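Peer 1: The structure under discussion is supplied below as structure tokens; questions concerning it will follow.
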Amino acid sequence: MTHPSLESPPGLLHLCDLRVRVSTPIEAGQDARGRHRIIPITGGTVTGARVSGKVLDLGADWQCVGPDLAAVLDTRYAIETEDGALIDVRNFGHRHGPRPVMEALMRGEVPDPALIYFRTNPRFETRDPRYDWLNRTIFIGTGLREPDCVVLRFWEVA
């Protein structure tokens with residue numbers, strides 16, 4: 001049995017782009033999974049036709065960097081939209097690539113982004129009725145790490 005909704009993959013609609021400023025990582029120790037780090041979020045910008053505003057100066061990325069330098073990301077922060085809504089963001093992701101490329105990234109260099117897999121699953125929560133649709137929608141994202149910020153692009157899975 002087939003159904004039209006199963007015949008092709010869902011589409012993607014651009015939601016917004018973020019430029020999230022970060023400060024010096026706090027080393028939180030090592031265990032069998034890898035090196036744990038907390039990277040404070042110090043602000044940023046959000047631009048998009050449906051969501052735009054600023055990333056607030058709060059939150060952090062709790063990440064675990066494995067022996068292969070692959071990072072598992074667990075980020076929490078908040079957006080204040082241009083029209084005054086507050087949106088909580090939990091963004092989970094994976095970042096990995098060839099070891100020499102990841103070593104360069106860890107040194108603060110900006111290697112060719114095509115060599116790094118950086119994908120996220122942002123989840124939004126807001127009590128503002130104008131943005132309630134964010135609470136009920138699936139999103140995916142891509143990212144790029146720069147020395148003082150993370151550049152993200154989010155899409156709605158249609």
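The values are calculated or read from the model by the stated rules, or taken from the named source; none is laboratory data. Computed from a predicted model, the values in this text were never measured in an experiment. Ideal geometry is used to build each Cβ from the backbone, glycine not excepted, and the neighbour counts take in all protein chains shown.
One line per residue, one yes/no per condition, for (1) surrounded by 17 or more Cβ atoms within 10 Å (Cβ to Cβ); (2) free of Cβ contacts under 8 Å to residues at least 12 places away in the same chain; (3) over 16 Å from TYR77 (Cα atoms); (4) not hydrophobic (A, V, I, L, M, F, W, C):
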position	(1), (2), (3), (4)
SER8	no, yes, yes, yes
HIS14	no, no, yes, yes
GLU27	no, yes, yes, yes
ILE41	yes, no, no, no
ALA60	yes, no, no, no
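Peer 1: Name the strands (runs of 3 or more DSSP E) wholly inside the stretch 22-74 in which the number of residues that are out of contact with any Ser or Thr (no Cβ under 6 Å at 6 or more places or on another chain) and among the small types (Gly, Ala, Ser) is 3 or more.
Peer 2: Counting at least 3 such residues, we get 34-47.
Peer 1: Let me ask something else about it. Would you confirm whether or not the stretch 83-99 contains a residue that is under 14 Å from VAL20 (Cα atoms), of a type in the set (Lys, Arg) and either free of Cβ contacts under 8 Å to residues at least 60 places away in the same chain or outside any helix (DSSP H, G or I) (or both)?
Peer 2: yes
Peer 1: Can you tell me which residues in the stretch 112-133 are in a loop (DSSP other than H, G, I, E, B), of a type in the set (Asp, Glu) and touching a residue at least 12 places away in the same chain (Cβ under 8 Å)?
Peer 2: Matches in the stretch 112-133: ASP128 only.
Peer 1: Conditions first: (1) touching a Pro at 6+ places or on another chain (Cβ under 6 Å); (2) part of a strand (DSSP E or B). GLY108 passes all but one, so which condition is the exception?
Peer 2: (2)
Peer 1: Considering each of GLU109, GLU103, GLU82 in turn, give the residue that is surrounded by fewer than 18 Cβ atoms within 10 Å (Cβ to Cβ) and modelled with pLDDT of 95 or more.
Peer 2: On the way: GLU109 fails: modelled with pLDDT of 95 or more; GLU103 fails: modelled with pLDDT of 95 or more.
One residue alone meets the criteria, GLU82.
Peer 1: Further question: Considering ARG33, ARG37, ARG19, ARG76, which residue is basic (Lys, Arg), surrounded by fewer than 19 Cβ atoms within 10 Å (Cβ to Cβ) and without any contact (Cβ under 8 Å) to a residue 24 or more places away in the chain?
Peer 2: Testing whether each residue is basic (Lys, Arg), surrounded by fewer than 19 Cβ atoms within 10 Å (Cβ to Cβ) and without any contact (Cβ under 8 Å) to a residue 24 or more places away in the chain leaves just ARG76.
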